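In what follows, a structure is listed as structure tokens, so that the remarks can point back to it.
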Amino acid sequence: MSLPCAHGGPVAEATLKAIPADFQVFEVMHVQPEGDGEHLWLHIEKTGWNTEDVAMWLAKSAGVHRLSVGYSGLKDKHAITRQWFSLHLPGKADPAFSWPEGLRLCDSARHRRKLNRGTHRANAFVIRATRFSGERAAVEQRLQDIMAAGVPNYFGEQRFGRGAGNLVRGSEWLSGGEAPRKKSLRGLWLSAVRSDLFNQVLAERVTRGVWNQVLEGDLLQPEGSRGLFRADEDSDAGRRVADAEVHPTAPLPGVPGMASSGPCRDLEQQVLAPFESVIEGLCREGVEEARRATRLPVRDLQWSWRQEREGEDCLELAFVLPTGAFATTVMAELIRSPDPTA
């Protein structure tokens, strides 16, 4: 699905992720290891490794079960990323690791608890757009727009698997087709399907120009919170949304929970009507409906220009996004990547 942009579409062309150093991600933690305990926390820089592959390597190298290894979130393989892992080592000394190519230990400390999924609060990105072609003034104006208004909080294409395979297989399964053979695939397929349905609703709100505005019957979410409240119950909801204090939401379908109403509900039902069989499948699987903010604030946005070899322009961006957000949704409002088949 081609998703509509909120700010008018990309204003320049550039190459993204030509090399791993062009895409860097750093976890922003709100919990720090205390210095003692049964769990060894490791801050690792990885290049060319999946997060799960690192976890498997740590378990093997430390002689522990894979379930004794924890991490907060998944990070890209084709990038330079820094993230924390934990190892449960009760009564054991710190292992003497021999780090392979692509892994580097940045820091380590003991802690009383395992590192669980979702422990970090945000991710900091440094992205280099190389072989830039376009007007700098137009790019900088678009960056100002993004800084002021944010972007639609779409799920990125990574969520759907290579060639959207997880989405395709998940939709077929939930409509009565073959179930996943591996338990690990179930969550991936369900997540891909729900993410796509959310994107469909958000795309309609973008098209109507209400992705960052209150609709009658909306459910709103305070910035930095997972809580919800009804817009109709807050006489100041319009101002609070305009000030980005709270955000409109759209559904991640499943077993019905707290529902929108009125015109907001009408919009959602209109968009989701063609996917009735898929949503019924989600309900059969016991997946509970949730809501996700339609607006993504882009924090601490900074940029600079430099010249690469052969005099080519390069745009370097730095910004911070909350967990669960995708840097690709920010870049889609700014940069168009050249077609590799052209």
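Quick notes on this one:
- First in the stretch 56-72 and closer than 15 Å to residue 97 by Cβ and aromatic (Phe, Trp, Tyr), second anywhere and crowded, with 17+ Cβ neighbours inside 10 Å and modelled with pLDDT of 95 or more, Cβ under 9 Å, 6 or more apart: 57/49; 57/103
- The number of residues in the stretch 127-165 that are touching a Phe, Trp or Tyr at 6+ places or on another chain (Cβ under 8 Å) and open to solvent by 20 Å² or more (accessible area, probe 1.4 Å) comes to 5.
- Candidates are the residues of the stretch 229-272 that are hydrophobic (A, V, I, L, M, F, W, C), surrounded by 17 or more Cβ atoms within 10 Å (Cβ to Cβ) and over 18 Å from residue 206 (Cβ atoms); the one that is nearest to the chain's Cα centre (by Cα) is 246.
- The residues on offer are 330, 278, and the sole one that is touching a strand residue (DSSP E or B) at 6+ places or on another chain (Cβ under 6 Å) and open to solvent by less than 40 Å² (accessible area, probe 1.4 Å) is 330.
- Filter result (within 30 Å of residue 127 (Cα to Cα), in contact with a helix residue (DSSP H, G or I) (Cβ under 9 Å, 6 or more places away or on another chain) and either open to solvent by 10 Å² or more (accessible area, probe 1.4 Å) or not hydroxyl-bearing (Ser, Thr, Tyr) (or both)) within the stretch 84-97: 85
- The residue list 81, 15 contains one member that is within 30 Å of residue 138 (Cβ to Cβ), surrounded by 14 or more Cβ atoms within 10 Å (Cβ to Cβ) and among the β-branched types (Val, Ile, Thr), which is 15.
- Taking the stretch 250-342 and the strands (runs of 3 or more DSSP E) fully enclosed by it, the elements with 1 or more residues that are within 19 Å of residue 23 (Cα to Cα) are at 299-307, 313-322.
- Residues that are within 16 Å of residue 151 (Cα to Cα) and in a helix (DSSP H, G or I) within the stretch 196-230 comprise 198, 199, 200, 201, 202, 203, 204, 205, 206, 207, 208, listed in sequence order.
- Residue match in the stretch 166-182 (condition: farther than 22 Å from residue 197 by Cβ and either open to solvent by 50 Å² or more (accessible area, probe 1.4 Å) or at pLDDT 95 or above (or both)): yes
- Exactly one residue out of 259, 231, 237, 273 is closer than 23 Å to residue 286 by Cα, of a type in the set (Gly, Ala, Ser) and touching a Leu at 6+ places or on another chain (Cβ under 9 Å): that is 259.
- Qualifying residue in the stretch 41-51 (condition: farther than 30 Å from residue 197 by Cα, out of contact with any Asp or Glu (no Cβ under 7 Å at 6 or more places or on another chain), open to solvent by less than 30 Å² (accessible area, probe 1.4 Å) and of a type in the set (Ser, Thr, Tyr)): no
- Contacts under 8 angstrom Cβ, first residue in the stretch 284-296 being at positive phi and of a type in the set (Val, Ile, Thr), partner modelled with pLDDT under 95 and buried (at least 22 other Cβ atoms within 10 Å of the Cβ), 6 or more apart: none
- Some residue of the stretch 133-152 being at pLDDT below 95 and part of a strand (DSSP E or B): yes
The values are calculated or read from the model by the stated rules, or taken from the named source; none is laboratory data. Note that the coordinates shown come from a computational prediction; the quantities given were computed from them, not determined experimentally. When we count neighbours, we look across all protein chains shown, and the Cβ atoms used for this are built from the backbone with ideal geometry, even at glycine. Keep in mind that these areas ignore ligands, DNA and RNA; they rest on the heavy atoms of the full protein, side chains included. Shrake-Rupley method; radii C 1.70, N 1.55, O 1.52, S 1.80 Å.
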